[in-house]
Each structure stands twice: as C-alpha cells, then as structure tokens.
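The values are calculated or read from the model by the stated rules, or taken from the named source; none is laboratory data. Bear in mind the structure is a predicted one, so any value in this text is a computation, not a measurement. FYI the Cβ positions are ideal-geometry reconstructions off the backbone, even for glycines, and counts take in every protein chain you see.
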C-alpha cells in the first residue's frame, strides 16, 4: 500500500452535453477511482450505460500544496495551474487556489470514449499533518 499524503474531497458540480443512453430519461452517475479505492452511485433499476470517462492528474495540486506549505496561514491566492494539453481531457486550464485556507481546484473535463459530454468537478485537497 502506498503512502497517504492527504485527503481528497471531490464534488461533482455538473455534467453537460452528456450522451443520451435511455429512451425517456437518463440516470447518469459518476465512478471515482483512486488506486484500488472506488466510490460510486449504483443504479439498481437498469443496467449501467457507459457515458464516458476522464482522468485527473492530482500531481499539480499536490506539488503546489507542498511548495506553499500550510494553506491555513496564507491569504486567498492562486498557487498552481494544470495546463490543458492534447494529452489530457481538460477543456480549459485548471487553476489551483487557496480559498479560505483550503486548497481547491475547479476542473472541467471532456469525457473520453463517448460521442459527447463534459463533467465539472471541484477538488479539495487536505494534506495530512506530519
């Protein structure tokens, strides 16, 4: 098992332009995987429909956090950025900020392996005390 560096809180803000998979309504859900850990909303009424996938690189957030130290002692400010490239699913650059003593990052991702869709997430990183 790897070393724990902190706790990650993920808020799913919205999905937009999602692929249509059901005739009348869709029941989209999100599966979050980190290493061997997985959290998801299970659909018990119908079979799960693949509605795309996207990967998030947590390294820019962790690196920025480690470089600036204790976020609770700092004012609201930008401390890093994850840049949109052809190798990632970012729709636009993702800014890493300190907001009220918390490290936050808003991420807008284009869903992969599907004809359309984007997902907006808000990440909050809480480093473990040493």
Are there any pairs, at least 6 apart or on different chains, whose C-beta atoms fall under 9 Å, with the first in the stretch 5-24 and modelled with pLDDT under 90 and the second in a loop (DSSP other than H, G, I, E, B) and loosely packed, with under 12 Cβ neighbours inside 10 Å, and if so, which?
5/128; 6/128; 7/128; 19/50; 19/115; 21/50; 22/46
Turns out the strands (runs of 3 or more DSSP E) fully within the stretch 72-130 with at least 1 residues that are surrounded by 15 or more Cβ atoms within 10 Å (Cβ to Cβ) and free of Cβ contacts under 8 Å to residues at least 40 places away in the same chain are 77-82, 94-99, 102-110
